[in-house]
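Structure record follows, encoded as structure tokens.
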Amino acid sequence: MSALVELRGVEFGYPTASVRRARPFHLARLTMTIERGEVLGVIGPNSAGKTTLIRLLTRVVRPSAGEIALDGRPLASISAASLAREVAVVPQDLPQAFPFTVEQLVLMGRYPHAPDRYFETVEDRAVARRAMEATGVTSLAALPLAELSGGERQRAVIARALAQEPRLLVLDEPTSHLDLRYQAECVGLLRRLNREHGMTVVLVAHDLNLAAEVCDRLLLLACGEVARLGPPDDVLKEDVLREVYGCDVIVDKTANGRPRVQVAWPDAARR
């Protein structure tokens, strides 16, 4: 694998006077790479910098120092439409009042390929159809988003991202609102996209076990700094997690050898 994204000494801080942020936040000098074809998990407690990293990768905000490069090109030099053809984001959820069908939503992913165009081409519809087939929502194409279950809605949002034909797919807590069945479906979909299509994925997750199961490497952030970066076995250590999260944990292994994290609940013996 070789680097698709490079972060070199990247720093960022939100203004202390920000209405939405009562406490100051500063992302320290972050130097790392995202390798082509890997699944990188970004984990850490609340206010660790996970969402800030997404915003930096998609240029919603810009570094106050350092540089981010995409395939060797400075991110700052890439136009918005060009960046949207390279990087697609799957948010936690869409607004509830979003009056479109699945097909209309997926076709929105084609906008970066011709931002001055008003109508979809035959190629756009073919790409959208392939994206819906890859995510298993073809049969739902004519349905309004409001009629979908949580899992169906999430797969439709991923299909929109795939229709952008990106090289980097960024997902922000993709299973946070899903039950066990749809979590399993989402994990299976991410694995297929990565293994069969070579998609590079950045997965932001609070669920450490999901991250351990799916990701090649984990980036553990704490207070805007890198606490640990490496394979799941190297990052999900009891002493490391105890220091970062401030609670006792037990780390053992799943049947397939991946690390599994459990909280050591206080007074568990009394239950």
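The values are calculated or read from the model by the stated rules, or taken from the named source; none is laboratory data. Just so you know, these numbers come straight off a predicted model, no measurement behind them. Here the Cβ is made from the backbone with ideal geometry for all residues, glycine too, and neighbour counts use every protein chain on show.
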- [ ] Run ILE68 past the list (1) among the hydrophobic types (A, V, I, L, M, F, W, C); (2) farther than 26 Å from GLU185 by Cα; (3) out of contact with any strand residue (DSSP E or B) (no Cβ under 8 Å at 6 or more places or on another chain) and report the number of the one that doesn't hold.
- [x] (3)
- [ ] Go through (1) under 20 Å from VAL39 (Cα atoms); (2) modelled with pLDDT of 95 or more and name the single condition LEU140 misses.
- [x] (1)
Task: Leading residue by the ranking (farthest from LEU94 (Cα to Cα)) among those in the range 145-178 that are part of a loop (DSSP other than H, G, I, E, B) and in contact with a Gly (Cβ under 6 Å, 6 or more places away or on another chain) - done: GLN164
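Per-residue answers, yes or no, for (1) under 24 Å from ARG29 (Cβ atoms); (2) touching a residue at least 40 places away in the same chain (Cβ under 8 Å); (3) touching a strand residue (DSSP E or B) at 6+ places or on another chain (Cβ under 6 Å); (4) among the basic types (Lys, Arg):
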{"residue": "VAL204", "(1), (2), (3), (4)": "yes, yes, yes, no"}
{"residue": "ASP207", "(1), (2), (3), (4)": "no, no, no, no"}
{"residue": "CYS215", "(1), (2), (3), (4)": "yes, yes, yes, no"}
{"residue": "GLU225", "(1), (2), (3), (4)": "yes, yes, yes, no"}
{"residue": "VAL240", "(1), (2), (3), (4)": "yes, no, yes, no"}
{"residue": "VAL244", "(1), (2), (3), (4)": "yes, yes, yes, no"}
{"residue": "ILE250", "(1), (2), (3), (4)": "no, no, yes, no"}
{"residue": "ARG258", "(1), (2), (3), (4)": "no, yes, no, yes"}
{"residue": "ALA264", "(1), (2), (3), (4)": "no, no, yes, no"}
Task: Given (1) out of contact with any Leu (no Cβ under 9 Å at 6 or more places or on another chain); (2) among the aliphatic types (A, V, I, L, M); (3) assigned to a helix (DSSP H, G or I), number of the condition ALA142 does not satisfy - done: (3)
Open item on the list: Looking at ARG191, ARG260, ARG228, ARG181, can you tell me which residue is over 30 Å from GLY9 (Cα atoms) and part of a strand (DSSP E or B)?
Closed with: ARG260
Task: Selection status of GLN154, touching a residue at least 24 places away in the same chain (Cβ under 8 Å), polar (S, T, N, Q), under 19 Å from ALA84 (Cα atoms) and crowded, with 18+ Cβ neighbours inside 10 Å - done: no
